[in-house]
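Here the structure is laid out as structure tokens; the discussion comes afterwards.
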Amino acid sequence: MQGVESGKVYYWSRRAEDLLAELGSRPEGLSTQDAAARLLRHGPNTVEDQRQPTWPALLMRQFESPLVLILVFGAGISLWVRDWVDAAIILTIILGSAVLGFAQEFRASVAITALRRRLALTVEALRDGRVTTIPASDVVPGDVIRLAAGSMVPADGVILEAVDFLVTEASLTGESFPVEKRAGVVAEDAPLAHRLNSAFLGTSVRSGTATVLVVKTGRETEFGGVARRLKARPPETQFARGVRQFGYLLVRIMIVMVVFVLMVNHALGRPAIESLLYAVALAVGISPELLPAIVSVTLSHGARALARRGVIVRRLEAIENLGSMDVLCTDKTGTLTEGVINLVGAVDPVGADSASVRRLGWLNAALETGIPNPLDAAIVASGRRDGLTIDDCTKIDEIPYDFMRKRLTIVLAQRGDEPDRHRIVTKGAYTRILDVCTSVLIDGSEQPLDDAQRARTDAYFRRCGEQGYRVLAVATRQVRARASYAHDDEKSMCLVGFLLFSDPPKADAGRAIRDLARLGCRTKVISGDNRYVTAHLAGGIGLDPAALLTGEQIARLSDESLWHLAERTDLFVEVDPQQKERIVRALQRTGHAVGYLGDGINDAAALHAADVGISVEGAVDVARDSADVVLLRRDLDVLRTGVEDGRRTFANTLKYISITTSANFGNMVSMALATPLLPFLPLAAKQILLNNFLSDLPSMAISTDRVDRDHITHVQRWNISEVRRFMIVFGLISSLFDLLTFFVLLKFFDADEATFQTAWFVVSLLTELAVLLVLRTERPVLRSAPGGLLLWATMGVAAIAVVLPYIEPLASAFAFVPLPAPLLLLLLLIVLCYIVSTEIGKVLFFRPRRVRAAGTGR
């Protein structure tokens with residue numbers, strides 16, 4: 001067993017019986033106790049550690065920030081010069097910020113763990129001789145697992161049994177076409193792509209079924225080795241890139257200000273230690289040090305809100321992408337239609353009811369073992385109601401369905417037929433069935449499928465589609481018996497008739513599409529169904545039936561032509577899986593943020609390519625694993641609420657970044673300007689840190705804030721230049737009032753150091769709190785009520801700011817002194833004037849945006 005797991009033995013070149021013995025397993029699988037022991041020994045079956053950090057790890061992470069390390073450095077300097085009070089204050093603020101960040105991140109961590117557990121992939125394993133569903137992370141070497149179409153392969157192993165087992169290995173080999181796998185032995189030196197008896201983690205099952213003996217799990221798999229070598233990270237989202245770029249901007253501003261202040265203080269001959277502590281506090285003061293916690297809390301709050309509405313977020317960063325989505329591509333079945341498909345007719349080529357067509361279609365659907373689909377389920381259910389059985393038939397072979405041929409073939413031997421003859425029964429898309437037919441059954445006799453007959457069947461097919469029926473064609477022929485069959489045997493067949501299905505549109509589908517349109521999100525249908533039935537549905541739900549492209553037309557288009565046409569097209573019909581991805585990329589190329597909603601094997605590539613991949617809880621593993629967001633109900637109205645919540649989450653995150661940095665920037669500019677003009681420092685280092693800490697407290701409630709309807713109805717995207725302009729404009733407005741405060745304190749009150757620092761601390765903190773309520777909305781502040789928690793947290797901290805200079809011993813610890821009543825009233829008047837000025841500045845700042853919005857009719 002050791003040799004197999006360490007890689008010294010090439011397991012693909014060993015007989016299955018030998019591997020079972022070496023792994024201490026059996027064809028009936030492991031016992032529960034043995035599996036549990038192996039899980040402890042080998043660890044979870046994951047390539048990367050996805051466990052959420054423990055609370056001690058989360059707590060320690062709060063002290064990893066460079067800003068915290070700067071504060072610790074400042075506290076060390078205070079201890080070195082025996083300034084015990086300042087050191088204690090700095091360390092207390094560090095601890096308070098750490099506890100605050102830890103509490104919020106721990107809550108977010110618990111929420112995300114619960115969401116991930118809800119969506120964890122599962123696998124069918126043989127345990128104690130029974131088929132048991134277990135989490136994929138619990139799979140261990142020696143497990144015997146069962147895979148079917150749509151499954152993700154959870155580990156590396158060898159195939160014990162397989163039936164028409166096709167696997168897509170593009171994630172490992174780059175080969176886009178599926179590979180047929182079968183039991184057996186291959187050479188030791190066979191490259192990975194030629195190990196046809198093995199299945200590998202990270203690949204997906206395209207069709208068929210298999211029983212697999214697991215040999216390697218987690219980091220020991222081929223996929224784990226690739227991940228270790230590449231150290232690959234997921235692509236950076238637009239939001240994460242914006243936060244990173246904004247961080248670089250803050251660092252540059254911080255360095256300029258700190259160097260300037262240090263040079264001025266040195267030139268003025270101020271004490272070096274005091275100047276260094278002041279510079280440290282200034283650097284910390286301009287930085288939104290709680291940004292990681294705020295982003296984490298806001299996103300997790302958004303994820304919990306979405307979960308309550310039936311939208312599960314697999315990757316938190318996808319919330320921003322969900323909010324910025326302006327094109328939704330979706331299939332129609334189950335999303336725009338009821339998803340309850342019924343077989344409503346089995347007819348011959350001229351439209352007359354046919355029991356023979358019904359039985360042949362039922363035999364094909366009942367005996368197939370490939371990709372489960374609702375059409376086959378409807379055929380089987382109808383046949384059972386009619387009492388159909390397969391007692392007089394023996395299945396010989398199956399040619400699985402694939403998305404290029406779009407047909408499925410069953411070969412069977414029927415009782416009563418000649419013993420040396422087999423019957424081939426094929427059903428599938430109308431055009432693909434006619435491609436392999438040379439005759440048609442009319443009134444019980446085969447006639448050549450000439451142009452006239454083809455025109456008649458085409459006309460009937462079109463009439464059915466225009467009436468909203470989905471159509472599958474059925475063809476058959478008898479051949480000389482042999483052991484196995486292949487694609488080449490699908491030829492010279494006889495068209496015997498059609499199966500008709502109904503799937504009516506959802507009553508609220510049209511309203512849901514209109515609601516999405518009001519949010520600036522246009523809906524486009526991408527479907528493998530024929531043009532007639534899709535156009536019939538589109539006309540009933542408000543889409544343009546004439547704005548249509550077929551897969552055949554798309555195949556003839558250059559990329560540039562598709563870019564041009566994709567924007568103007570509502571319906572993409574008769575498309576294959578590769579074309580779905582191409583359509584998504586064409587829309588992205590023209591500047592759209594594209595969401596793709598799908599649940600099938602053929603949707604995986606498009607889900608991965610989209611800006612936000614959306615699937616449903618009952619989707620196949622490969623589709624759900626490719627998605628960023630999973631809907632608990634396949635309903636566009638649920639998705640609409642997800643888009644709205646995504647925009648709320650993004651808006652609240654951007655509020656914190658914009659408001660906090662503008663307020664901090666204004667205060668730091670004021671201090672930098674005041675430093676060379678005053679005979680003392682405008683604020684002591686500990687006062688700056690306290691100001692920063694108290695102003696951050698209400699910000700923790702910003703994730704619960706209300707969001708103006710304008711931010712929900714319009715697409716929101718990160719704009720680093722606008723955030724920078726916001727910071728400068730409103731920061732400088734704040735600095736103007738700070739300078740006014742300085743003038744009043746020095747000119748009219750002849751303030752000494754303690755009075756000046758106390759007064760400006762109060763004004764600075766009150767203006768930061770006021771601007772939080774004013775700038776959280778583009779509307780007049782009195783017409784947009786903030787969230788209750790944000791309002792009360794802001795009012796509470798404002799009260800602390802006013803009374804703190806009068807509370808001992810805290811006031812003395814921070815070198816505050818009581819302020820005379822006239823001075824305090826004048827300071828409050830300055831704050832009021834600042835609020836009015838900021839309101840005016842807000843109108844001027846956002847006017848160009850409103851003009852642009854009015855010009856585009858939004």
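The values are calculated or read from the model by the stated rules, or taken from the named source; none is laboratory data. Here the structure is a predicted model, which is why all the values come from computation and not from measurement. Cβ atoms come from the backbone with ideal geometry, glycine included; neighbour counts cover every protein chain shown. Side chains are part of the model used for accessible areas, which takes the heavy atoms of the whole protein and leaves out ligands, DNA and RNA. Shrake-Rupley method; radii C 1.70, N 1.55, O 1.52, S 1.80 Å.
Here are the numbers for the structure shown:
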{"item": "Evaluation of TRP563 against (1) of a type in the set (A, V, I, L, M, F, W, C); (2) touching a strand residue (DSSP E or B) at 6+ places or on another chain (Cβ under 8 Å); (3) open to solvent by 50 Å² or more (accessible area, probe 1.4 Å) (one fails), failing number", "result": "(2)"}
{"item": "All helices (runs of 4 or more DSSP H) inside region 576-631 with 1 or more residues being closer than 16 Å to GLY551 by Cα and either hydroxyl-bearing (Ser, Thr, Tyr) or open to solvent by less than 30 Å² (accessible area, probe 1.4 Å) (or both)", "result": "577-589, 604-609"}
{"item": "Filter result for the condition that a residue is at pLDDT below 70 and not acidic (Asp, Glu), over VAL264, VAL243, VAL259, VAL212", "result": "VAL243"}
{"item": "Scope region 321-331; condition within 14 Å of ALA610 (Cβ to Cβ) and open to solvent by less than 10 Å² (accessible area, probe 1.4 Å); matching residues", "result": "LEU322, SER324, MET325, VAL327, LEU328, CYS329, THR330"}
{"item": "Qualifying residue in region 137-155 (condition: among the small types (Gly, Ala, Ser), in contact (Cβ under 8 Å) with a residue 12 or more places away in the chain and farther than 23 Å from ARG624 by Cβ)", "result": "yes"}
{"item": "Considering residues of region 705-735 that are assigned to a loop (DSSP other than H, G, I, E, B) and open to solvent by less than 20 Å² (accessible area, probe 1.4 Å) only, the residue nearest to PHE761 (Cα to Cα)", "result": "ASP705"}
{"item": "Filter result (surrounded by fewer than 22 Cβ atoms within 10 Å (Cβ to Cβ), under 37 Å from the mean Cα position of the chain (by Cα) and among the aliphatic types (A, V, I, L, M)) within region 673-702", "result": "LEU694, LEU697, MET700, ALA701"}
{"item": "Residue in region 407-420 that is within 44 Å of the chain's Cα centre (by Cα), over 23 Å from PHE165 (Cα atoms) and open to solvent by less than 40 Å² (accessible area, probe 1.4 Å) present", "result": "no"}
{"item": "Per-region count, region 451-487, residues in contact with an Asp or Glu (Cβ under 6 Å, 6 or more places away or on another chain) and exposed (fewer than 14 other Cβ atoms within 10 Å of the Cβ)", "result": "1"}
{"item": "Boolean, SER670 is in contact with a helix residue (DSSP H, G or I) (Cβ under 7 Å, 6 or more places away or on another chain) and open to solvent by less than 10 Å² (accessible area, probe 1.4 Å)", "result": "yes"}
{"item": "Members of region 385-413 found to be of a type in the set (Asp, Glu) and in a strand (DSSP E or B), listed by number", "result": "ASP397, GLU398"}
{"item": "Residue among ALA293, ALA305, ALA272 that alone is over 15 Å from VAL258 (Cα atoms) and either modelled with pLDDT of 70 or more or open to solvent by 10 Å² or more (accessible area, probe 1.4 Å) (or both)", "result": "ALA305"}
{"item": "Matching residues in region 199-219 - criterion: being of a type in the set (Ser, Thr, Tyr), assigned to a strand (DSSP E or B) and surrounded by 22 or more Cβ atoms within 10 Å (Cβ to Cβ)", "result": "SER204, SER207"}
{"item": "Any pair with Cβ under 7 angstrom, 6 or more apart, that starts in region 309-320 at a residue that is of a type outside the set (D, E, K, R) and assigned to a loop (DSSP other than H, G, I, E, B) and ends at one that is at pLDDT 75 or above and open to solvent by 10 Å² or more (accessible area, probe 1.4 Å)", "result": "GLY310/LEU632; GLY310/ARG633"}
{"item": "Selection count, region 344-358, where residues are touching a residue at least 24 places away in the same chain (Cβ under 8 Å) and open to solvent by 20 Å² or more (accessible area, probe 1.4 Å)", "result": "7"}
{"item": "Residue list for region 736-753, filter: of a type in the set (D, E, K, R) and part of a helix (DSSP H, G or I)", "result": "ASP738, LYS747, GLU753"}
{"item": "Any hit, region 426-434, residues being open to solvent by less than 60 Å² (accessible area, probe 1.4 Å), among the basic types (Lys, Arg) and in contact with a helix residue (DSSP H, G or I) (Cβ under 9 Å, 6 or more places away or on another chain)", "result": "yes"}
{"item": "Hey, SER445 surrounded by fewer than 21 Cβ atoms within 10 Å (Cβ to Cβ), farther than 25 Å from VAL340 by Cα and modelled with pLDDT of 95 or more or not", "result": "no"}
{"item": "Cβ pairs under 6 Å, 6+ apart, first in region 492-511 and surrounded by 15 or more Cβ atoms within 10 Å (Cβ to Cβ), second basic (Lys, Arg)", "result": "MET493/ARG477; CYS494/ARG477; PHE501/ARG470"}
{"item": "Helices (runs of 4 or more DSSP H) wholly inside region 754-858 containing at least 1 residues that are closer than 30 Å to THR649 by Cα", "result": "788-803, 821-855"}
{"item": "Residue list for region 414-435, restricted to those being aliphatic (A, V, I, L, M) and part of a strand (DSSP E or B)", "result": "ILE424, VAL425"}
{"item": "Residues of region 166-198 satisfying the condition of being open to solvent by less than 30 Å² (accessible area, probe 1.4 Å), at pLDDT 85 or above and over 12 Å from SER13 (Cα atoms)", "result": "VAL167, LYS181"}
{"item": "Region 779-791: number of residues that are out of contact with any Lys or Arg (no Cβ under 7 Å at 6 or more places or on another chain) and more than 16 Å from VAL836 (Cβ to Cβ)", "result": "5"}
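Per-residue answers, yes or no, for (1) of a type in the set (Val, Ile, Thr); (2) touching a strand residue (DSSP E or B) at 6+ places or on another chain (Cβ under 7 Å); (3) under 17 Å from SER207 (Cβ atoms):
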| position | (1), (2), (3) |
| --- | --- |
| GLY387 | no, no, no |
| ILE396 | yes, yes, no |
| GLU418 | no, no, no |
| LYS427 | no, yes, yes |
| ASP450 | no, no, no |
| TYR460 | no, no, no |
| ALA481 | no, yes, no |
| HIS487 | no, yes, yes |
